[in-house]
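Worksheet: the structure to be examined is printed underneath.
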């Protein structure tokens, strides 16, 4: 689908009109430590380490935590790239409950390399892969029950080709967005049917390698070559790049943006207009914070963010569409 300047402007407007009102800063911050194979908990006001919130129930069962969501039952679901499973933990205590989706179920469903996970409006789990399933479908997003373990509900979305994708989110206007590194912009799908709605290109094009994607009140994002912002018509640089920084996890909360530096373990804090506030968490004890969420059901926002790690730029988008670029 060709995206005109008019349709891009309409998209920007819809992101604003359908946005939820941002809440005040949430509870403590949970960080998925991709390298440490734990979920760490930090004080939401001070950034001080509270302790380990959730750990692997046995060696190798949690390997490469890359995405977290709160389910309809209030529990925490953790997607793991290398152990290729979804683990369920008590949403308040962090106690292990079960392996909600097993590696065998992923294999049966045809998910080759699980990369991101979102809770859909219907309460089900939607999971993307860094690379699609095989032809002829080339599935990019798979649907699983959010209430019944190992219940694969079928392929959900595809754009019919092999692309390298990072970042998945449901956004305003009834759309599902998937960050596409090869296309240089998010792919768009109908959030109910999974029908392909076309790519959203950045104008002018930016060299963006997507890593994470979410909607945020302020519409800013950060990556190791800086932040770019798309207002629905024009894409511009928003935050200058920092040396030696490779960002992954992104969280928008209470008018602030938190981004995790994969290499140094620092989690930086910005205003939602992109103004640097502080190194909120320093010395993250297990680098590679690939996902950040508050200890509460994440509220929807009004801007699209995508993040990227080393060699994987991140993109952000707001009440316009912000893109975050890391090289």
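The values are calculated or read from the model by the stated rules, or taken from the named source; none is laboratory data. The shown structure was predicted, so the numbers you read here are calculated from the model rather than taken from an experiment. Because the Cβ atoms are built from the backbone with ideal geometry, glycine has one as well, and the counts that use them run over all protein chains shown.
Observations on the structure shown:
- Strands (runs of 3 or more DSSP E) contained entirely in region 152-193, each with at least 1 residues that are out of contact with any helix residue (DSSP H, G or I) (no Cβ under 6 Å at 6 or more places or on another chain) and in contact (Cβ under 8 Å) with a residue 60 or more places away in the chain: 165-171, 175-180, 185-190
- Looking across region 27-36 at every residue that is within 18 Å of the chain's Cα centre (by Cα) and within 19 Å of residue 115 (Cβ to Cβ), the one that is surrounded by the most Cβ atoms within 10 Å (Cβ to Cβ) is identified as 31.
- Looking at region 44-130, the strands (runs of 3 or more DSSP E) lying wholly inside it that each contain 1 or more residues that are within 18 Å of the chain's Cα centre (by Cα) and closer than 21 Å to residue 29 by Cα sit at 65-70, 76-80, 85-89, 114-119.
- Per the listing 111, 69, the residue uniquely in contact (Cβ under 8 Å) with a residue 40 or more places away in the chain and crowded, with 18+ Cβ neighbours inside 10 Å is 69.
- Looking across region 131-150, the residues that are within 19 Å of residue 70 (Cβ to Cβ) and in a loop (DSSP other than H, G, I, E, B) come down to 145, 146, 147, 148, 149.
- Selection from region 144-169 of residues that are closer than 14 Å to residue 122 by Cα and surrounded by fewer than 21 Cβ atoms within 10 Å (Cβ to Cβ): 145, 146, 147, 148, 153
- Among the conditions (1) surrounded by fewer than 24 Cβ atoms within 10 Å (Cβ to Cβ); (2) at pLDDT 80 or above, the only one that residue 203 does not satisfy is (2).
- Residue under evaluation residue 64, criteria (1) buried (at least 20 other Cβ atoms within 10 Å of the Cβ); (2) at pLDDT below 95; (3) within 26 Å of residue 130 (Cβ to Cβ), criterion not met: (1)
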